[in-house]
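Each remark here refers to the structure printed beneath this line.
The values are calculated or read from the model by the stated rules, or taken from the named source; none is laboratory data. Quick caveat, the model's predicted, so the values are computed rather than measured. As a convention, Cβ positions derive from the backbone with ideal geometry for all residues, glycine included, and neighbour counts pool all protein chains shown.
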Amino acid sequence: MNAIARLDNAKRPRPFLPIAGAILAILLGVAGAQAASPATHLNPAIIVSHHHWYQLGVASWYGKFFQGRTTASGEPYDQNQLTCAHRTLPLGSVLRVTNLRNNKSVIVTVNDRGPVPESRVIDLSRAAANALGFSDQGLAPVKVELIGPQAELAQLLMPEGLESPRE
């Protein structure tokens, strides 16, 4: 009878296993929900967004043929300023453009729309192309990074040792 009693006990479900499983699922669900939700107990002034917009592609430049013509921003195009044309970024956006061949960078302001060829991501002024070292080649692989909307920042510094091209 002892063997029969053991078989009967083995077939009965143990009530503590489903309860333990339910408790474990609840604990994991609550912990997962807390990990996925934003930390509301932190000071919002301390939380910094780390979203960084950038674009990789080919840059070209445009120069004297467009000199003095009105840009999309309404100002006249000046090939001697650090400006650029971009298809989608807001006018006045400040960008860092890096030539991926030589690692030179320049800060430019978006003041026009373009480039016209779909294979290119940005059209730079002649001054910006000179700063990046590709004005003789015409095209260069670049990384374009959005760093701010302030148009004044792009006009602060011309890269050291670079003279404005005058033609």
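Summary table
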| read-out | value |
| --- | --- |
| Search result, residues across region 63-83 that are within 11 Å of Arg126 (Cα to Cα) and of a type in the set (Val, Ile, Thr) | Thr83 |
| Total residues in region 122-140, condition part of a loop (DSSP other than H, G, I, E, B) and touching a residue at least 12 places away in the same chain (Cβ under 8 Å) | 4 |
| Given (1) small (Gly, Ala, Ser); (2) part of a loop (DSSP other than H, G, I, E, B); (3) surrounded by 23 or more Cβ atoms within 10 Å (Cβ to Cβ), index of the condition Gly114 fails | (3) |
| Flag for Thr98 being over 15 Å from Ala129 (Cβ atoms), modelled with pLDDT of 70 or more and either exposed (fewer than 10 other Cβ atoms within 10 Å of the Cβ) or in contact with a strand residue (DSSP E or B) (Cβ under 8 Å, 6 or more places away or on another chain) (or both) | no |
| Residues (over 20 Å from Phe66 (Cα atoms) and in contact (Cβ under 8 Å) with a residue 60 or more places away in the chain) located in region 83-114 | Val94 |
